Every structure is written in C-alpha cells, then in structure tokens.
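Enquirer: Below you will find the structure I want to go over with you.
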Amino acid sequence: MEAQWLYIRNGFTAGPVTSSRLAQMILDRQLKRSTIVCSVANGLWLPASEAKEVVQKVNRSIAGSCFDEKELRLFNSYLAQEGRGSAALSITHLQPIFSNLSWKSIPWWSLLTLGLFQLYWFARQGVYSMTADPHMRRNMPRVGFFFLIIPLLSFVAIDGNKQLRQVNVADFSPYFIGILWYLSIILCFVQVFPGDLFLSRLVNFFAFCFSNLPLMIAQRYINECYQRLGFD
C-alpha cells in the first residue's frame, strides 16, 4: 500500500494523496519540489524533495518518458524552471503578510535605533495585517486608544493568522507576551530606586533589553511558519 501524504498548497493544507499522485502533481508543475509535505504515517513535515518514495516515482516517470539522453537532461531541468511553469499554469501562491526578518537581529536593530525599531516592527507586523482585515479596518476609527493597544493587537493578529496556523500553532499566549512587553516598557522609564540613579538606570537598560523578547518570540514563530510555507 502506498504512503499517504498531506501537502501545503497556496498556504493551506491539502490531501491526503498517494505517493504516485503527489509525484504526478510535481511532474505536472501543480506543486514544486520544495513543497512542504507530511507523511500521514509519522506526521513529519519535510520538503517533497526529501521524501524518497515520492522522488523515486518522479525520477522513474521522467526517465520512462525520455527517448534519449538529451531529452532526459531537458526533463531533469524542469525543476529549475518551476517558477515559469507555475506562472504559465496560473498557479497562485499567497504572499507573506508579515515581515520575515531574522528574529536574532531584533535586539541589535532595537539597540542601534534606541528602541525606534520596535515601533517599526509593530507597524509592519501588526498594523499592516490588521488594516488588511476589512472588519478591523471598519472598526479602527471607533477605537479611541487604538494606538496604545497596537502592540497587543499585533501579537493577537500573529497568533490568530489562519495562514500561519495551517502549518504551526503558536506555543505562546499573545496576551501574556503583550503584557510582558508593556511592563518592560514601563520599567524602561520608571526610576525604580529614587536614591540610586545608577542602579535605576541599570534596571531601565535591562528592562529595555527584555522588551525585545516578546518580539523575538513572535518573529521566530513567523519565520518557522514561512519556512514551512516555502516563503523566502
């Protein structure tokens, strides 16, 4: 009995299909070799190019269709032409909504810009995704303190994004990391020890460093999801 596979297409999970069917979809350029697939047997997600049973069927079909070595080389080159093939077949792919920057670079950018990078991050990750939602866009003018809750709404938007949840469910609470961010930002400006300016400034600095952690957690989740979705 052939193995059964789930696969990611246009940002959504589809299937299950047999190895033969999955191989034929790759040959027909309905899917790419980089498409993320999951074995129903073990639940592991991996690129189709690493699924040995599927690759063997693709190669067997290619070789069996060729009359000479030149034609075989032409068929083998189709993987390098997948982009053009997909466009010709009008296969559409969802574009990433959130910025896919490295989560490890967040504290460095934040430090270099004295915290202004965090404002950019929330604007790019949260505001864009929320304004792209028609329901949210209609209700934004009714929220008088909207700009004060953008950080929290950003984390909620990331956690609740259907495109991301198709491939991975966040292991963090958007409300918890949102509260952590607000508390750390408050500690950045509060003089905790009125009688000791140096110690107070030290607490402010560590609070500033800690304020990057919620952003890093959310950004790492975005990166992992986009990697599974095949976005660069």
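The values are calculated or read from the model by the stated rules, or taken from the named source; none is laboratory data. Computed from a predicted model, the values in this text were never measured in an experiment. Here the Cβ is made from the backbone with ideal geometry for all residues, glycine too, and neighbour counts use every protein chain on show.
Enquirer: Return yes or no: is Phe155 surrounded by 13 or more Cβ atoms within 10 Å (Cβ to Cβ), under 18 Å from Asn100 (Cβ atoms) and either among the hydrophobic types (A, V, I, L, M, F, W, C) or outside the structural domain of Thr13 (by TED's automatic domain parsing) (or both)?
Expert: yes
Enquirer: Could you name every one of the strands (runs of 3 or more DSSP E) located completely within region 1-62 that has at least 2 residues being farther than 22 Å from Gln227 by Cβ?
Expert: 12-18
Enquirer: Next up: Condition check: surrounded by 15 or more Cβ atoms within 10 Å (Cβ to Cβ), β-branched (Val, Ile, Thr) and part of a helix (DSSP H, G or I). Does Ile177 satisfy that?
Expert: When the stated conditions are applied, Ile177 passes them.
Enquirer: Residues being in contact (Cβ under 8 Å) with a residue 40 or more places away in the chain and among the charged types (D, E, K, R): count how many of those fall in region 192-229.
Expert: The qualifying residues number 3.
Enquirer: Follow-up. Considering region 198-225 alone, what residues qualify as being in contact with a Leu (Cβ under 6 Å, 6 or more places away or on another chain) and closer than 30 Å to Arg165 by Cβ?
Expert: Pro214, Cys225
Enquirer: Continuing with this model, one more query. Could you look through region 1-42, keep only residues that are under 24 Å from Gln163 (Cβ atoms) and of a type in the set (D, E, K, R), and pick out the one that is surrounded by the fewest Cβ atoms within 10 Å (Cβ to Cβ)?
Expert: Among those that are under 24 Å from Gln163 (Cβ atoms) and of a type in the set (D, E, K, R), it is Arg33.
Enquirer: Looking at region 183-208, which of the residues that are surrounded by fewer than 16 Cβ atoms within 10 Å (Cβ to Cβ) and of a type in the set (Phe, Trp, Tyr) is nearest to Leu114 (Cα to Cα)?
Expert: Checked region 183-208; the qualifying residue nearest to Leu114 (Cα to Cα) is Phe205.
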